[in-house]
1. Considering the zone a paramagnetic label at Arg7 would reach in this model (a point 7 Å from Cα along the Cα-to-Cβ line), which residues of segment 64-102 have amide N under 13 Å from it?
2. Taking K and R as +1 and D and E as -1, what net charge do the other residues with C-beta under 12 Å from the C-beta of Val19 add up to?
3. As a test of the formula, what do you get for the chain when each DSSP H run with n ≥ 4 contributes -39,500 (n - 2.57) and the sum is divided by the residue count, at 222 nm and rounded to the nearest 500 deg cm²/dmol?
4. Counting other beta carbons within 10 Å of each Cβ, put Phe54, Phe41 in order, fewest first.
5. Amide H to amide H, which residues 5 or more places from His56 or on other chains are under 5 Å from it, using H placed in the peptide plane?
6. Say a site is exposed when it is one of the trypsin sites (Lys or Arg not before Pro), sits in a DSSP loop, and has at most 13 other Cβ atoms within 10 Å; what is then the longest site-free stretch of the chain?
7. Among rounded, prolate and oblate, which fits segment 21-72 when a ≥ b ≥ c are the square roots of the eigenvalues of its C-alpha gyration tensor, a/c under 1.5 means rounded, and a/b larger than b/c means prolate?
8. How big is the dipole moment of segment 2-90 about its Cα centre under a simple scheme where the beta carbon of each Lys and Arg is +1, that of each Asp and Glu is -1, and everything else is neutral? Debye, nearest 20, please.
Amino acid sequence: MLVTVFRSRLRPGVRDEYVALVKRMIELAETIPGYISHKDFSAEDGERVTVVQFAHEEGLRTWRTNPEHLAAQKLAREKYYTEYHIQVCTLERESKFKAKDGAAAQG
């Protein structure tokens with residue numbers, strides 16, 4: 001599995017328009033063989049983080065080179081982002097835990 005960590009900051013006043021573009025990119029990514037998931041997070045300081053998972057390199061390559069995605073990247077650099085940072089990682093180990101149904105969190 002490949003995990004892409006995409007960190008970015010938006011220019012002021014573009015959030016709503018940017019969210020519409022992101023929605024379309026998610027729809028497109030979901031059609032690519034090997035796509036697993038994505039999650040978006042926002043920090044209090046304005047940094048946004050998206051984590052995307054693909055099952056294999058071929059799927060990620062298809063996503064990276066998709067013409068509509070490339071056009072969206074260009075538009076985002078010109079109009080939406082003040083900065084971004086991308087890291088593509090290969091999963092080496094995974095561990096999961098899930099509490100049984102009905103288990104209440106203690107705290």
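Since every read-out is calculated from the coordinates, none of them should be taken as a lab result. Remember, predicted model here, so these are calculated numbers, not experimental data. Heads up, the Cβs are rebuilt from the backbone with ideal geometry, glycines too, and the neighbour counts pull from every protein chain shown.
1. 83-88
2. Details: positive: Arg15, Lys23, Arg24, Arg48; negative: Asp16, Glu17, Asp40.
Spelling it out: positives minus negatives among the neighbours equals +1.
3. Working: 3 runs with 33 residues, N = 107.
Mean residue ellipticity, 222 nm, calculated: -9500 deg cm²/dmol.
4. On the way: Phe54 25, Phe41 10.
Result, fewest neighbours first: Phe41, Phe54.
5. Counting only residues 5 or more places away or on other chains, the set is Leu2.
6. Working: sites that count: Arg93, Lys96, Lys98, Lys100.
Free of exposed loop sites, the longest segment is 1-92.
7. Numbers: a/c = 2.29, a/b = 1.58, b/c = 1.45.
Taking the square roots of the gyration eigenvalues as a ≥ b ≥ c, segment 21-72 is prolate.
8. Working: 13 positive and 13 negative charges, 39 e Å.
Approximately 180 debye in magnitude.
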